[in-house]
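The values are calculated or read from the model by the stated rules, or taken from the named source; none is laboratory data. This structure is a prediction, so every number in the text was calculated from the model and none was measured. Because the Cβ atoms are built from the backbone with ideal geometry, glycine has one as well, and the counts that use them run over all protein chains shown.
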């Protein structure tokens, strides 16, 4: 099924009016993959220098709270807030001050704000990258900023398609319930990044202030343009008493299973671990039985290994899978 969006939808993904116009003209799109392909071609081959600068200017400065005055829409401002949530949550007063000072120096040298795909990055990581990129020549940095904008655009397109899919699948459900889901999707993180459904069989003590497990997932079938339902999911943790794994020596016996679930009609898995205030730091692996879901596909299963550091143990980690028969992508949501 082809999906059509308006210019304002694409303007929330990328603040260039030319980009939004060309994307709306290129649509409708059969899948997220098609939309991303068109977006990359339009951004790098059709949008001019002024369009790039217009898109850069639509972002709030890193370390600064987002508002609709920075972006082209309220949706863009809300997405920016979510994308910077990790940075702001890990920032100290001194780091914010240093970020502000370096942002000023960066703008004075290059003529535009420092742009980075901030999703999942701490304030310290962003500051280090800012200092590193400040040494670049303007022509080099301009290209890097354009590539970072494309990363942001791709993530936002995924949110856009997820929003459309979920609204369409709601059908005749109670309108208040649909509105609540929509509000959740367009708040700090979209519905594509939110936790799985609660399950009566996985009750947890009331002592925790959290309402969802610290690690969650969601599967989007980008080839069909709808959530990936009925996919088995396993979450494992590398045993702390074992040496840290290396690329050439991943001993499968050193992984402890934390939980299993199956994605529901919205593509969300049930709880894969207990609800806790702080997640144990370490290496985690989330695996999807994609071969059973798509027998003719290229991947019999997909496993994603990621690390949670000591400084991140109070954060939430959403690890979505965007799947098609012959490709998949993932990223760290909040």
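When the criteria are applied in full, residue 160 fails the requirement of being modelled with pLDDT of 80 or more, within 24 Å of residue 324 (Cα to Cα) and out of contact with any helix residue (DSSP H, G or I) (no Cβ under 7 Å at 6 or more places or on another chain).
For region 29-54, the set of residues classified as under 21 Å from residue 79 (Cα atoms) and under 19 Å from the mean Cα position of the chain (by Cα) consists of 32, 33, 35, 36, 39, 40, listed by residue number. When 57, 12 are checked against the criterion of being surrounded by fewer than 16 Cβ atoms within 10 Å (Cβ to Cβ), within 21 Å of residue 81 (Cα to Cα), in contact (Cβ under 8 Å) with a residue 12 or more places away in the chain and assigned by TED's automatic domain parsing to the domain that holds residue 91, 57 stands alone in meeting it. Assessment of region 112-123 against the conditions (assigned by TED's automatic domain parsing to the domain that holds residue 84, assigned to a helix (DSSP H, G or I) and over 14 Å from the mean Cα position of the chain (by Cα)) yields at least one matching residue. Kindly evaluate residue 44 against the criterion of being within 19 Å of residue 154 (Cβ to Cβ), modelled with pLDDT of 95 or more and touching a helix residue (DSSP H, G or I) at 6+ places or on another chain (Cβ under 8 Å). Considered against the rule, which asks whether it is within 19 Å of residue 154 (Cβ to Cβ), modelled with pLDDT of 95 or more and touching a helix residue (DSSP H, G or I) at 6+ places or on another chain (Cβ under 8 Å), residue 44 comes out as no. The listed residues are 105, 135, 173, and the only one of them that is over 15 Å from residue 56 (Cα atoms), in a loop (DSSP other than H, G, I, E, B) and modelled with pLDDT of 90 or more turns out to be 135. Among what's in region 26-41 and is assigned to a loop (DSSP other than H, G, I, E, B), surrounded by fewer than 20 Cβ atoms within 10 Å (Cβ to Cβ) and out of contact with any strand residue (DSSP E or B) (no Cβ under 7 Å at 6 or more places or on another chain), pick the residue that is modelled with the lowest pLDDT. That would be 27. Of all residues in region 93-104, those being under 17 Å from residue 135 (Cβ atoms) and out of contact with any helix residue (DSSP H, G or I) (no Cβ under 9 Å at 6 or more places or on another chain) number 2. Taken over region 292-308, the criterion of being more than 14 Å from residue 217 (Cα to Cα) and either in contact with a strand residue (DSSP E or B) (Cβ under 9 Å, 6 or more places away or on another chain) or outside the structural domain of residue 254 (by TED's automatic domain parsing) (or both) is satisfied by 292, 293, 294, 297, 298, 299, 301, 307, 308.
So that you can scan it fast, the table gives a plain yes or no per residue for (1) touching a helix residue (DSSP H, G or I) at 6+ places or on another chain (Cβ under 9 Å); (2) at pLDDT 90 or above; (3) closer than 17 Å to residue 119 by Cβ:
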residue: 16; (1), (2), (3): yes, yes, no
residue: 49; (1), (2), (3): yes, yes, no
residue: 57; (1), (2), (3): no, yes, no
residue: 60; (1), (2), (3): yes, no, yes
residue: 65; (1), (2), (3): yes, no, yes
residue: 79; (1), (2), (3): yes, no, yes
